[in-house]
Amino acid sequence: MSIIGVGIDVAEIDRFAASLERTPNLVRRLFVERELLLPSGERRGMASLAARFAAKEAVAKALGAPPGLLWTDAEVYVEDNGRPRLRVKGSVAARAAELGVRSWHLSLSHDAGVASAVVIAEG
């Protein structure tokens, strides 16, 4: 296996929240329903959403930031053990297949008002 791409992104949580407040439909353009909810069915917190947005930006960077990627074609989910993972489909899966990506590695963090994500695309 070899590394095909690496992406990193940060999002200021308050700025991200202000963007969602200014543009209410933005949340549906960025996230699938499963990303918005905790396993309990409660809404996910803003820091968690900002980290997921940073992950989507990092995915795009790992793929070379081609035009035409849809935000909802990269979904961040958490395994039962708490490990964040990526599920890709559509435009993101097509670009990943072009590049030979076979697996993804994802790390999320948020602290001091900033959310961050690192993505490694491996082939």
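Values quoted throughout were computed directly from the atomic coordinates according to the rules given, and no laboratory measurement underlies them. Note that the structure is a prediction, hence the values are computed from the model and not measured. Note that we place each Cβ from the backbone using ideal geometry, even for glycine, and neighbour counts take in every protein chain shown.
Where the alpha-carbon atoms of the chain are placed on the principal axes, they occupy 38, 33, 26 Å, in descending order.
Count Lys and Arg as plus one, Asp and Glu as minus one, and take only other residues whose Cβ is under 12 Å from that of residue 96; the net charge is then +1. Using Cα atoms only, what is the angle between the long axis of helix 90-99 and the major principal axis of the chain, expressed in degrees (0 to 90) to the nearest 10? Roughly 30 degrees between the two axes. Distance between the modelled labels on residue 29 and residue 107, one decimal in nanometres: 3.1 nm (7 Å Cα→Cβ projection). Taking all Cα pairs closer than 8 Å and separated by 6 or more residues, the relative contact order of segment 3-122 comes to 39 percent.
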